[in-house]
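All remarks here apply to the structure that follows.
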Amino acid sequence: MTGAAPELSIIIPAYNEELRLPPTLESIAAYVHAANHTVEVIVVDDGSKDNTMAVADSFKKMIPTLRVVSNGQNRGKGHSVRHGMQEARGEVVLFTDADLSAPIDEVEKLLPAMKDHDVAIGSRAVDRSLITVHESPFREFAGIVFNKIVRLILWLPFVDTQCGFKAFRREPCKIIFEQQTIERFGFDPELLYLARHHGLKSIEIPVRWGHSHATKVSMMRDSIQMFVDVFVIRWNALTGKYPRKSPRRPQEIT
């Protein structure tokens, strides 16, 4: 792809999302056309067994900067986000869920923070009054317990590491995706741990968010694996799997 790099890349990891992608891409198309900055959109198909790729491809006329890439097989959300980061050309890269639980225009809350931060994460827990559709009480309780474990084991200060709405300055943050090892739903704490480990500045920002009852996260299988992943991250850190480097920061945008 030639031409000037876009100011914003939007990554959408997608697995069997032929039904939820159309309204999401329609909303993103409206945002792209109204935005006062250049935007590219990247759908990363994670080995879907339905028509996810064809559905995404059908929006290329509506979103001329849309690209659809494939993992070839199902590798997990974490792998899909990393693949999207490798494909992205934007100065800032946002990943968002395929169901657009956080409306796409909420990115306008994150972008101003990117002037003096490397990572801006959307949060449901900073201001819960912004939640339009709540998870079940059990899911919310499990999320609170998981966050406490993340804070205890990884020493992260955030009250919500799992919201699927995060923005990164692409150049300085390359190192964290190069060192990322978690490929499924437990990848968020690893990215945030690596950002802090490498001296990158992160900020947590409240965003509007509504739970989708069609969520792909299994409360049993995925939650157990996510808890295990927290300890894997700590072990990786203790065994030197995250060597420190000095990421080169691009010239500040004026």
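Leaving out ligands, DNA and RNA, and with a 1.4 Å probe, what % of the accessible surface on the chain is carbon or sulfur? Please list the in-between numbers first.
Working: 6770 of 11840 Å².
Here it works out to 57 percent.
Ordering 135-143, 14-22, 60-68 by mean Cβ neighbour count within 10 Å, with the highest value first, yields 14-22, 60-68, 135-143.
Set against the 2.2 N^0.38 Å expectation for a compact globular protein, region 12-133 has a Cα radius of gyration ratio of 1.05. Put simply, the Cα atoms of the chain extend 47, 43, 38 Å along their principal axes, the longest span coming first.
Can you tell me the FRET efficiency between Ala5 and Ile224 if r is taken as the Cβ-Cβ distance and R0 is 45 Å, rounded to the nearest 0.05?
Given R0 = 45 Å and the Cβ-Cβ separation, E is 0.65.
Projection of the Cα convex hull of region 131-189, averaged over all directions and equal to a quarter of that hull's surface, yields 5.2 nm². Taking amide hydrogens as placed 1.01 Å from N in the peptide plane, the amide H of Leu66 sits under 5 Å from those of Val41, each at least 5 positions away in sequence or on another chain. Our coupling estimate for region 10-23, obtained by passing each phi through the Karplus curve with A = 6.51, B = -1.76, C = 1.60 and θ = phi - 60°, is 10, 9, 10, x, 9, 9, 6, 10, 4, 8, 8, 5, x, x Hz, Gly and Pro reported as x.
Backbone phi angles across region 91-96, fed through the Karplus curve with coefficients 6.51, -1.76 and 1.60 (θ = phi - 60°), yield HN-Hα couplings of 5, 10, 10, 10, 10, 9 Hz in residue order; Gly and Pro are listed as x. Got a sec? Which residues in region 115-134 would a label at His37 touch, if it sits 7 Å along Cα→Cβ and we count backbone N under 19 Å? Within reach of a label on His37: 115-123. Give me the net charge for the shell around Phe141: Cβ to Cβ below 13 angstrom, other residues only, Lys and Arg +1, Asp and Glu -1. Spelling it out: positives minus negatives among the neighbours equals 0.
Among His117, His37, His83, the largest mean-square fluctuation in a Gaussian network model of the chain, built with springs joining Cα atoms closer than 10 Å, belongs to His37.
I want to verify a result. In a Gaussian network model of the chain, Cα cutoff 10 Å, which of these has the top mean-square fluctuation: Thr52, Thr239, Thr161? It is Thr239. Probing with 1.4 Å while keeping every protein chain in the model, the per residue accessible area of the chain equals 47 Å². Computed from backbone phi, the HN-Hα couplings of region 179-189 come to 9, 4, 10, 7, 9, 10, 5, x, 6, 4, x Hz, rounded to whole numbers (Karplus: 6.51 cos²θ - 1.76 cosθ + 1.60, θ = phi - 60°; Gly and Pro given as x).
In straight-distance terms, cross-link reach from Lys148 covers every one of the aspartates and glutamates whose alpha-carbon lies under 19 Å from its own, apart from those fewer than eight places away in the same chain; here that gives Asp127, Glu135, Glu140, Asp160, Asp188, Glu190, Glu204, Asp222, Asp229.
The values are calculated or read from the model by the stated rules, or taken from the named source; none is laboratory data. Computed from a predicted structure; not experimentally measured. Cβ sites come from the backbone with ideal geometry, for glycine too, and all protein chains shown count toward neighbours. What goes into the accessible areas is simple: the full protein's heavy atoms, side chains included, and nothing from ligands, DNA or RNA. Shrake-Rupley method; radii C 1.70, N 1.55, O 1.52, S 1.80 Å.
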